[in-house]
1. Within the range 68-83, count every residue that is open to solvent by less than 50 Å² (accessible area, probe 1.4 Å) and over 15 Å from Val13 (Cβ atoms).
2. What are the residue pairs meeting all of these: first residue in the range 128-148, first residue over 15 Å from Leu254 (Cα atoms) and among the acidic types (Asp, Glu), second residue outside any strand (DSSP E or B) and open to solvent by less than 20 Å² (accessible area, probe 1.4 Å), Cβ atoms under 9 Å, and 6 or more apart or on different chains?
3. I'd like the residue in the range 145-162 that is in a helix (DSSP H, G or I) and surrounded by 16 or more Cβ atoms within 10 Å (Cβ to Cβ) and, out of all such residues, is farthest from the chain's Cα centre (by Cα).
4. Looking at the range 1-21, which of the residues that are under 14 Å from Ala103 (Cβ atoms) and surrounded by 20 or more Cβ atoms within 10 Å (Cβ to Cβ) is modelled with the lowest pLDDT?
5. Which pairs have Cβ atoms under 7 Å, sit 6 or more apart or on different chains, and link a residue in the range 176-191 that is open to solvent by 40 Å² or more (accessible area, probe 1.4 Å) to one that is hydroxyl-bearing (Ser, Thr, Tyr) and at pLDDT below 95?
6. Which residues, counting only those in the range 221-249, are open to solvent by less than 30 Å² (accessible area, probe 1.4 Å) and of a type in the set (A, V, I, L, M)?
7. Out of the range 267-279, which residues are in contact with a strand residue (DSSP E or B) (Cβ under 6 Å, 6 or more places away or on another chain) and assigned to a loop (DSSP other than H, G, I, E, B)?
8. Considering each residue of the range 112-144, count those that are modelled with pLDDT under 80 and either open to solvent by 50 Å² or more (accessible area, probe 1.4 Å) or not in a helix (DSSP H, G or I) (or both), and give that number.
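The values are calculated or read from the model by the stated rules, or taken from the named source; none is laboratory data. This structure is a prediction, so every number in the text was calculated from the model and none was measured. Note that each Cβ is placed from the backbone with ideal geometry, even for glycine, and that neighbours are counted across all protein chains shown. Note: accessible area is taken over every heavy atom of the protein model, side chains too, but ligands, DNA and RNA are not part of it. Shrake-Rupley method; radii C 1.70, N 1.55, O 1.52, S 1.80 Å.
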Amino acid sequence: MEIRGPSGVIAGVDGSAPSNEAAEWAAREAERRGESLHLVHAVNTGTVTLSPRTGTTVTDLILREAEELLESVRMGLEAAHPGLRITGDVVPRDAAEAVLTAAEHAGLAVLGTRGHGGFASLLLGSVSLRVAAHAACPVVVVRGAEYPDGPVLVAVHDERDAAALRFGCETAARRGSVVRALHTWSPVVADVGRMAPMVDELGEENQLHEQLLVRTCNPVREEFPAVEMQSQQLTGNTAATVVEESRAASLVVLSRHQPAPRFGLRLATPVHAVLHHAQCPVAVVPV
């Protein structure tokens, strides 16, 4: 019997402008992948159902309105993407948990930056961060402007980031884009009393970083011979550099190195900063 891995694209929706943009982005990506799109609309009815005065009437009303919202989003996407199979669920639970559960069976999860408050709080910033920190599959947070002709920018810290680089190459191959592997580092000064490192020391350090970039990129280049991959190293703060370089990118791809506890928003500082400030959509890939 063939064992299939997670597939398909899921998107969190709540009717807000950011979530609609994310759903549209997810629909285009699902088309490129030749996969289906599943919409998740989470409605936390816990506070209402705890009240003995409301019974099931208010809860039923909330869920019915949620179904109508979901159907409206689904029909709009179907009209724009007639060949795409689109399904959806209203999930009466915590927003982040609803998306994380759906992501266990998906190949990609897509969220907006922020959404409505109240019961339709699916895409609040904290929810997007929590999903990015815990999801079993890659997560794209749709923000900023997308430059279709721009490169897929992959931040490379070390050789563990080969998985993120593969994701970037797969994405670029579907779009006919270039991949730009970017490695950033800060020079090490052994003697803090000196104003700057010696030229030969800096040159040696530069060479070590160049070798690291080559070791990481070359095996992935061989896996994707049809994808043009450019590699570059820059000195400076990682988050600030990636945010600046994202201005002309179609997508930024970052690695999530450490598995985070189920609760909390534990993402590495550069990932957290880029998710907040990037000028284009950001993909977070668990490695």
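1. 0
2. From residues that are over 15 Å from Leu254 (Cα atoms) and among the acidic types (Asp, Glu), the pairs are Glu146/Trp25; Glu146/Ala249; Glu146/Ser250; Glu146/Cys280; Glu146/Pro281.
3. Ala162
4. Here the residue is Gly12.
5. If the second residue must be hydroxyl-bearing (Ser, Thr, Tyr) and at pLDDT below 95, the pairs left are Ser186/Thr235; Pro187/Thr235.
6. Those that are open to solvent by less than 30 Å² (accessible area, probe 1.4 Å) and of a type in the set (A, V, I, L, M): Val227, Met229, Ala239, Val242, Val243, Ala249.
7. Ala278
8. 10
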